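Data first, discussion second: the structure below is written as structure tokens.
The values are calculated or read from the model by the stated rules, or taken from the named source; none is laboratory data. Bear in mind the structure is a predicted one, so any value in this text is a computation, not a measurement. We place every Cβ from the backbone using ideal geometry, glycine too, and count neighbours over all the protein chains shown. To get the accessible areas, we keep the full protein, side chains included, count just its heavy atoms, and leave off ligands, DNA and RNA. Shrake-Rupley method; radii C 1.70, N 1.55, O 1.52, S 1.80 Å.
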Amino acid sequence: MRAALAPARLGANDVLRVGFGGLRARPARVVLSALGIAIGIATMVAVIGISSSGKEDLLRRLDRLGTNLLTVKPGDTLFGEKAELPESAPQMVRRIGPVTAVGATGSVEATVRRTDKIPDEVTQGIAVQAATTELLGTLDVRTASGRWLNAGTERYPGVVLGAEAARRLGLDRAGGQVWIGGRWFVVLGVLRPAELAPEIDRSALVGWDAARRYLGFDGHPTTVYERSTDASVDDVRDVLARTVSPERPEEVEVSRPSDALEAKAAAAGAFTGLLLGLGAVALLVGGVGVANTMVISVLERRREIGLRRSLGATRGQVRTQFLAESLLLSAFGGAAGTVLGTAVTAGFALWKGWPPVVPVWALGGALAATLAIGTVAGLYPAMRAARLPPTTALASA
């Protein structure tokens with residue numbers, strides 16, 4: 001009795017060799033098919049990388065600016081009218097133990113214009129506000145030109161312009177004059193952007209006493225800014241409203257500006273989800289392209305399949321060969337897409353001034369997605385190739 005013949009085994013090197021051989025025979029088709037995978041992977045990696053870079057920049061900005069800044073603003077009365085903060089609000093906030101700095105602004109019924117020849121209606125969206133001398137230190141903002149208000153200048157007609165206000169007025173440095181409330185004010189300084197208080201960027205800031213004397217300011221603050229120790233922010237937040245207005249604390253609004261930046265990041269995250277969906281669609285299209293390439297490859301290579309089967313190749317070996325080709329094809333596209341997505345992330349981040357960040361899990365996810373697409377796209381063509389009888393394959397070639 002003769003022993004049954006055992007089929008030869010394909011080692012890992014053999015599988016890779018026959019896989020590469022099948023791809024090398026059709027280079028143009030391979031490149032075009034891999035391109036679909038590359039676009040999908042590049043989109044997903046770039047979207048995740050750009051989103052992560054933006055979040056990292058936000059975290060660094062928050063670390064630099066601090067999350068211990070709170071603002072106090074008037075809310076609404078029971079009758080729906082706008083409430084007022086007491087004139088003593090800044091002084092009352094200073095009495096809270098953990099508070100380290102307090103600054104305030106107050107709205108002034110006046111307009112600022114480049115010259116007195118411009119009509120009153122043309123305000124360019126710039127607000128005139130009274131400001132305390134402690135405001136700049138509380139907000140941790142620096143001057144781009146000139147100097148901030150001090151005990152000597154806050155009583156006279158001088159103004160400090162926010163970054164956006166200066167741009168709209170066509171001024172980039174201190175020393176000029178602007179027309180406010182029917183008289184000339186000397187531009188004492190121009191501020192750098194105030195990231196935690198963007199309303200300051202669009203304001204023309206005059207001294208508290210000067211606003212009373214020259215612009216009819218009533219002395220009621222409209223915003224009080226305060227900083228406290230990091231460990232006590234929540235405790236201070238709980239008592240601010242009752243401290244500012246003991247009789248009507250419900251008419252006082254307390255907020256943390258850094259929360260707005262975090263909300264902005266959350267909104268950007270929702271947009272990132274949409275872009276990831278588009279990347280997934282592109283990846284799906286690429287997978288369909290790979291599957292189509294492999295199906296056509298099976299049809300074109302029936303003679304090769306029949307010859308291999310006639311020489312002793314098993315169905316499993318034929319299936320492994322075509323599945324290996326599909327995985328390699330997807331791997332080429334995935335590798336190219338990962339490199340392209342990382343390069344796009346780095347370029348965009350450097351252009352925006354962000355730290356380039358591509359999470360390791362994103363690269364791992366790209367690899368997993370590539371292998372999954374290659375497996376799914378190559379499974380049916382591989383099974384179809386394995387089912388071809390040798391005689392039928394050779395006869396139809």
> Roughly how many percent of the accessible protein surface of segment 75-182 is carbon and sulfur, given a 1.4 Å probe and a whole-percent answer?
Replying inline: 48
>> At 1.4 Å probe radius, can you tell me the per residue accessible area of segment 39-136 in Å²?
In response: 48
>> Which order do the peptides 333-340, 81-88 come out in when sorted by mean C-beta neighbours inside 10 angstrom, highest first?
In response: 333-340, 81-88
> Can you pull out the GluC sites (Glu not before Pro) in segment 194-262 that DSSP calls coil and that have at most 14 other Cβ atoms within 10 Å?
Replying inline: Glu247
> Taking amide hydrogens as modeled 1.01 Å from N in the peptide plane, which residues meet the under 5 Å criterion relative to Arg192, leaving out close sequence neighbours?
Replying inline: Arg142, Thr143, Ala144
>> Give the aspartates and glutamates whose C-alpha is closer than 14 Å to that of Lys82, dropping any in the same chain fewer than 8 places away, or say none.
In response: Glu250, Glu251, Glu253
>> What aspartates and glutamates does Lys55 reach when the alpha-carbon gap must be under 16 Å and sequence neighbours fewer than 8 apart in one chain are set aside?
In response: Asp63, Glu195, Asp259, Glu262
> Over all pairs of distinct alpha carbons, what does the Kirkwood formula give as the hydrodynamic radius of segment 148-208, in Å?
Replying inline: 11.5
